[in-house]
């Protein structure tokens, strides 16, 4: 049986608190620093590596983190999760997003079906549908091919699939894998749908409506918006729409859609990129083989997350260093900084993944916890961020731990040599320089030009951003967040904090308000 | 003479620390809450209003903040700035971005010219150039009209103009003001330029190269990338490029450009949207009249920032409430949450504006300060964020002050009625609901469903997002950041924290490295 315990009850946590802090500028200097870069490196899937040399840890702290992993039984909890235990206790649900990518343990039977078979069946159905669309066997009413796929969804039905699409769009163009352009409608702001519709050719567009319950208000509103536009263009909406929903939702087996692909309650929105939620739009945009490569990369990362040796388990290591930074060093934020323009929206996805999972104040039994939990996540791609908010990261009053991501090669391969180096080399040189600048700092008599250093960062380095390495990257972060949730003893799979706003918004729309809410509603002319 | 003092030396600051904290859930409840919403409201330019009812302030705290404004002479410092004093002491420069929008005080003479006249002259030159492009008097070599304008710049030459373009693109389409599509190349990642170039028709594209010094490595690299692409397409780069640069840069009066528009050292990158940096690309995209409307909105906001009565000076009020939250309440972050999809990149711009300006640890005399300075800024549009990171904002262990922005009307005006309300009404209902949910919370026996409340927010409400109201919004935040810098006694106009990384990156590219830097470079194959 898994034994769920609060972080601050663990002997290893108390040991961690008592250990001497690492003087990062000192240990990262000279040959010792070089040794750290060689030594503090963990393998990841798809040729990625996790280098944590510039984190404020040493062998003693890492040994204490390994004890913490054992005492908190992180692997046992992961095993319980992938074997189908009800780990999402708040909502009394299994947690099965990894099962979309592979079988990590026992067969998981729920709702009378083998869930791995269920997920694979949806992938197969999507693949067949996508191939027919690409082959011109499923077309618009005039028999013309669909050229654009538009995802209508919000939160996890938007951020993950959108970030992945943006990450692979140029790769797909270069490699001949771009089958359809994709667009995304998410915000209930009517300008979002209107803006997207003004940029696409609706007659040749296929819309993927994503709502697990079939009742998400933003999504249904945007669906109506789109259906109006289709009708105004003299088109039959039922010929332009597919649904991604649960089998019991009103959208399933509904004549208003060309087809429906199914998800279930065991995959939360922010973990759903590997399910039909990501599968439909990404298989249509890039072809099902590309989506399969993405899932395979994620499956490799999932397998590595089962590794017992902490030093070889990058997701657990990343998680525990984050716990150390949050709970022992007291840092509130983590910046995600990909040196890859293709990953421009990846930080926004991780922001949801992490903050919605672990931004909690009660443990999994609903008892208040007395220690910090999930950090605030933000980030933008480098080198752009260097010319923006890095000033505060280098010289501000609060230390922000950082998570860099970099690749040895560009996606497109088109480059120029200026001042003796390619753009890709400049990109890599900048991320290397930033890590060292943040860690080591630089003295200066003019304190305005002095850098204290001691600002910890890790970097994930890959050869190239491809569907498989992107899958590995995504799964790494999903597993990191999962391990952190286990360490903090929170339920990373519910999101009760989003409910109150929904309830009050309904009251406003029903004009059932008083006090401040009535006044705000009046100011906004509702 | 202005008297520059550290925040913690002020009697009013000590008074502020001693005042009782506001119990936000209590004061925002019932009729008292309704009264606060009516009372705690300051006018802004262009019909915007700043409502701070849900901030943790009361009349006593506001009175102490007014004393602080006086004791720290915030208006005197603003006056010194707009009258041309060398307020950017680190770089020994004047700070003149407001002068692009209007004359707030005395004539400012620098480098032997009247700077207002200089900025207006550049606006006029840009307007004439843009009109000729739109009229087909300036064309490509085949005499065909340019249809796309591409900004090549990074940091302030990218984030502000890009955020503004995105904010007005759909408005411009709807109102017939979209003269040219705009695109942006910024990152040194070669995939950025390659990706943009694959999406545009280079033969009909005009590129705006923005670099004050004419030596920004990312920008020159991307320029070469673009010039290669033009040459490969058989086009003469000199017929497709204009420069925005300083009069003394190598790009000025250079035959490689159709024309050059000038900026100077008195406007920092992050404040440069009102200068030729924003002016060229935005006048080309929307027409010079639209850019003039934007500047007029900003000028109105600047005038209001001179207001002596704190309760009528929204920028100063916003600034001082932020100082109270940062220094007295101890919050590290501020989330910017526009309920407007058009403002999707506005938070990224404010992130630079704020964090690069006030993310400092020394005062303007280069002495360390012992109190927190600029906060960490992040944000995404609502309602999307509600389905993402709001979980942590509602129930996480750290309180994050929030800055909402909302409008009564959509930009495009196309809408649908679902379940009795329009999308725009749903959008407004959601932001009203969130403010109250964050402030008041909700009790529940199940602590997982309990909301503590006490999470402070303000909202800027406008009628509609237009060029003028966007200008007012931007200037509000610029002036807020300026007042906060004055309050903290930091120099908000330099950015020494970005230098070390540049120096080290050059070393990497010259293979002049050892220790950790050499190892990271090897890992990245440089």
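We did not get these values from a lab; they are worked out from the coordinates using the rules stated. Here the structure is a predicted model, which means the values were calculated and not measured. FYI the Cβ positions are ideal-geometry reconstructions off the backbone, even for glycines, and counts take in every protein chain you see.
Let me know the mean shielding of A:227-236 by other chains, meaning the per-residue number of their Cβ atoms within 10 Å of its Cβ.
1
For residue A:145, the label point sits 7 Å beyond Cα toward Cβ; its separations from the matching points on the remaining copies run 3.1 nm, from shortest to longest. Eigenvalues of the alpha-carbon gyration tensor of segment A:374-445, scaled by 5 and square-rooted, set the equivalent ellipsoid semi-axes at 26, 16, 10 angstrom, largest first.
Per-residue ellipticity at 222 nm, computed for chain A from helices alone with -39500 (n - 2.57) per DSSP H run of at least four residues, works out to -13500 deg cm²/dmol.
Please report the antiparallel percentage of DSSP beta bridges with both residues in segment B:101-295, rounded to the nearest 5. Intermediate values should be presented prior to the final figure.
On the way: 2 of 21 bridges.
Counting DSSP beta bridges with both partners in segment B:101-295, the antiparallel share is about 10 percent.
For the pair residue B:446 and residue B:59 in one chain, pulling the backbone fully straight at 0.36 nm per residue adds 135.8 nm over the alpha carbon distance. Rounded to the nearest 0.05, the FRET efficiency derived from the C-beta distance between residue A:255 and residue A:49 at R0 = 41 Å is 0.20.
Relative to one another, the C-alpha centroids of segment B:89-111 and segment B:255-323 are positioned 13 Å apart. Helix A:115-134 and the longest principal axis of the C-alpha atoms of chain A enclose an angle of approximately 60°. Only alpha carbons enter this Debye calculation for the protein assembly as shown, each as an equal point scatterer, and the log10 of I(q)/I(0) it gives at q = 0.05, 0.08, 0.10 Å⁻¹ is -0.28, -0.78, -1.31. Direction-averaged projected area, Cα convex hull, chain A: 27.4 nm², rounded to one decimal. Arranged from fewest to most other beta-carbon atoms within 10 Å of their beta carbon, A:116, B:21 become B:21, A:116. Neighbouring Cβ atoms from other chains, within 10 Å of the Cβ of residues in A:367-376, number 4 on average. The alpha carbons of segment A:310-380 give a radius of gyration and a Dmax of 13.5, 42 Å, in that order.
In chain B, the longest principal axis of the Cα atoms and the axis of helix B:217-232 are about 40 degrees apart. When both bridge partners sit in the protein assembly as shown, DSSP labels roughly 30% of those beta bridges antiparallel. Return the FRET efficiency for the residue pair residue B:142, residue A:175: r is the Cβ-Cβ distance, R0 is 45 Å, and the value is rounded to the nearest 0.05. With a Förster radius of 45 Å, E is 0.85. Chain A comes nearest to the axis taking it onto chain B at the Cβ of one residue; that residue and its distance, in whole Å, are A:378, 2. Remark: mean inter-chain Cβ contacts per residue of A:102-112 equal 0, using a 10 Å Cβ-Cβ cutoff to other protein chain atoms. Give me log10 I(q)/I(0) at q = 0.14, 0.20, 0.21 Å⁻¹ for segment A:31-135, Debye formula, one equal scatterer per alpha-carbon, no solvent. Treating every Cα as an identical point scatterer, log10 I(q)/I(0) equals -0.82, -1.06, -1.10. The P(r) of segment B:241-289 has a tail past 14 Å containing 51 percent of all C-alpha pairs. In this rough spin-label picture, where each label sits 7 Å from Cα along the Cβ direction, the residue A:312-residue A:19 distance is 2.1 nm.
Quick one: divide the alpha-carbon radius of gyration of segment A:319-460 by 2.2 N^0.38 Å and tell me what you get.
Numbers: Rg = 17.3 Å, N = 142, 2.2 N^0.38 = 14.5 Å.
Compared with the compact-globule rule of thumb, segment A:319-460 sits at 1.19.
Dividing the convex hull volume of the alpha-carbon atoms in segment A:106-292 by its residue count gives 111 Å³ per residue.
Can you check how the C-alpha radius of gyration of segment B:19-90 compares to 2.2 N^0.38 Å, as a plain ratio?
Dividing the Cα radius of gyration by 2.2 N^0.38 Å gives 1.48.
Distance between Cα centroids, segment B:379-445 to segment A:426-451: provide it in whole Å. Taking the Cα centre of each part, segment B:379-445 and segment A:426-451 sit 39 Å apart. A simple packing score, the average count of other Cβ atoms within 10 Å per residue, orders the peptides A:269-279, B:222-232 as A:269-279, B:222-232, with the highest score first. Counted over segment B:438-511 with a bin width of 10 Å, the fraction of Cα pairs per bin, in whole percents, is 14, 19, 21, 23, 17, 5, 0. Across the copies of the chain, residue B:511 has label points (7 Å from Cα along Cα→Cβ) spaced 7.7 nm apart, shortest distance listed first.
Compared with the dominant Cα axis of chain B, that is its longest principal axis, helix B:499-509 is turned about 40°. The same position residue A:228 in the other copies lies at 4.8 nm from this copy, comparing label points 7 Å beyond Cα toward the beta-carbon, shortest first.
Highest-first packing order for the peptide set A:313-325, A:436-448 is A:313-325, A:436-448, based on the mean count of other beta carbon atoms within 10 Å.
Which FRET efficiency value, to the nearest 0.05, do you get for residue A:83 and residue A:3 by plugging their Cβ-Cβ distance into 1/(1 + (r/R0)^6) with R0 = 22 Å? Step by step, r from the Cβ atoms, then E = 0.85. Our summary of shape: the Cα atoms of segment B:138-209 have principal axis extents of 32, 30, 19 Å, ordered from largest down, in whole angstrom. Computed over all pairs of different Cα atoms, the Kirkwood value for the hydrodynamic radius of segment A:345-392 is 12.6 Å. Averaging Cα coordinates gives a centre for segment B:206-243 and one for segment A:468-483; these two points are 38 Å apart.
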